[in-house]
Amino acid sequence: MSGGVPSLAGTPAAAPLGYYSWTFGQAARDPFYIMVIIYIFYPYFSNTVVGDPVRGQEIIGYLTAGAGLILALTAPFLGAIADKNGRRKPWVGATVAIIATGASMLWLVQPGDAGIGLIAACAILLTIKTAFTVSEVFHNAMLPSIVPVTKVGAVSGLAFSLGNVGGLSCILFVLYAFALPGNLDWSFLPDAPLFGVDQSLHEHDRIVGPIAGVWMLLFTLPVLLFTPDGKASTTPMLVAARQGFADVVQTFKHLKHYSNIALYLLARMFFIDGMVGVLTFGGVYASGNFQWGSVTLLLFGLATSASAMIGAYFGGKLDDRLGSIRTLKLAIGMASLMLLTLVSIEPGKVLFVVDVGHEPLWSFPYFASPAEFIYLCTNQVFAVFFVTGLASSRTLMARISPPDMATQFFGLFALSGTVTAFLAPLMVATTTGLFDSQRAGFSSLIVLMVIGAVMLFWVREEQSQRASGH
């Protein structure tokens, strides 16, 4: 135990080995999200596998919406069952195994009709995106009972910081080993991609799936080995399932008692998926807008991961100092401003009308035009505040949830993201298709962020207790 210091659940916190090992769960998952969803595989899927950036962004939007719908129908019930069962680590292990297997299969996704084909590729992406979010529910639900109440913001921020360290490390390896050899004649690079990887077959794009899968398996081990779990209930699983379903029903019946949490989750429906949408579609938007290839996207991801790492660490410290709601409001406001700036940038122009020309700023072949460089810099500021907001939103949920219902409420926490992980990508997909414009689709996300930020002014940072009779 941590010197008798209580956790948010009111029980003695875990020893430092336990809660610092918990942060490696984020370090395990984030490289997958960074490499596959944001910077490398999704843009490759959109531009090369589908072959049309606009149609590709539309398909990705519908896939993400489909995963959100599945999660909306299952996450609260799975969380309630886990609360009754008492253990979360078996769920973490099972979902990580599914994600790692699916990620490894992305190696088989080739352009056009080659490889496993577009329909099978979509099925794999749908499966692993769903499992990814379910895994996050159970990992997040461990936070209130293991971390000292005085460190919850810092530990949550550290987890996201480590996640970005992992993403940065993986991107550096992919750049050095597979993407840059043959494209740049720097003396420290291999003469050709390692392990016989063939760039002409887009193997340097496809290999990020297997790399992310192996990384996830390895870095989930500290969570499974060293982070304490709840005590297993003697209740049979079928009975726990029935009780869990009943518990969710009772939660909705007592919604008035949990009105503060409900309002927060409603606000989060809007702001977090607007922010996640910016990160998800930012690489896809830039690759279509500036015709960026995989090397440029890798460098873009490398810089953004470094910025996010800084934002997560200092954002967590800021959370413990200012409180979660104040930190969250600041993060959403700045992220909204940065999105408005991002969509104002196109080749030769910034802020919609300011002509910055096309003359290269340097001989380095990446981010050479003024518009590209400004887009890169703006995205770094967005990344700092995005991860600050991500960490604070999780910390706030841990602060206001009833301790003995943590997994159920983190299931609802995931649901609050999936309703707009259902709606936000759908908004991007339909707006992109309606206006035949990536800019229109991308910019629609700002509406969600502003609505969520305004709603936060009515949320109180105080812990709820289980309703009487619940």
Restricting attention to region 354-377, which residues are at positive phi and under 30 Å from the mean Cα position of the chain (by Cα)? 367
I need the full set of residues from region 330-350 which are surrounded by fewer than 20 Cβ atoms within 10 Å (Cβ to Cβ), part of a helix (DSSP H, G or I) and either of a type outside the set (A, V, I, L, M) or modelled with pLDDT under 85 (or both), in order please. 333, 341
If you go through region 351-361, how many residues are at pLDDT 80 or above, exposed (fewer than 11 other Cβ atoms within 10 Å of the Cβ) and out of contact with any helix residue (DSSP H, G or I) (no Cβ under 9 Å at 6 or more places or on another chain)? 1
Just to be sure I understand, how many residues within region 431-452 are free of Cβ contacts under 8 Å to residues at least 40 places away in the same chain and part of a helix (DSSP H, G or I)? 4
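Do we find a residue being among the acidic types (Asp, Glu), under 25 Å from residue 409 (Cβ atoms) and within 20 Å of the chain's Cα centre (by Cα) anywhere in region 82-100?
Going residue by residue through region 82-100, those that are among the acidic types (Asp, Glu) are 83.
Right, trim to under 25 Å from residue 409 (Cβ atoms) and you get 83.
Among the residues that remain, those that are also within 20 Å of the chain's Cα centre (by Cα) are: none.
No, region 82-100 has no match at all.
Filtering region 97-133 down to residues that are among the small types (Gly, Ala, Ser) and in contact with a strand residue (DSSP E or B) (Cβ under 6 Å, 6 or more places away or on another chain), which residue is modelled with the highest pLDDT? Walk me through how you get there before you give the answer.
Looking only at region 97-133, we keep the residues that are among the small types (Gly, Ala, Ser), and these are 97, 100, 102-104, 112, 114-115, 117, 120-121, 123, 131.
Filter again for in contact with a strand residue (DSSP E or B) (Cβ under 6 Å, 6 or more places away or on another chain), leaving 115, 121.
Numbers: 115: 79, 121: 89.
Of everything passing the filter in region 97-133, 121 is modelled with the highest pLDDT.
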Taking residue 142 and the conditions (1) more than 17 Å from the chain's Cα centre (by Cα); (2) buried (at least 22 other Cβ atoms within 10 Å of the Cβ); (3) at pLDDT 85 or above, which numbered condition does it fall short on, given that it satisfies the others? (3)
Residues that are in contact (Cβ under 8 Å) with a residue 12 or more places away in the chain and not in a helix (DSSP H, G or I), drawn from region 91-114: 109, 110, 111, 112
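The values are calculated or read from the model by the stated rules, or taken from the named source; none is laboratory data. Here the structure is a predicted model, which is why all the values come from computation and not from measurement. Here the Cβ is made from the backbone with ideal geometry for all residues, glycine too, and neighbour counts use every protein chain on show.
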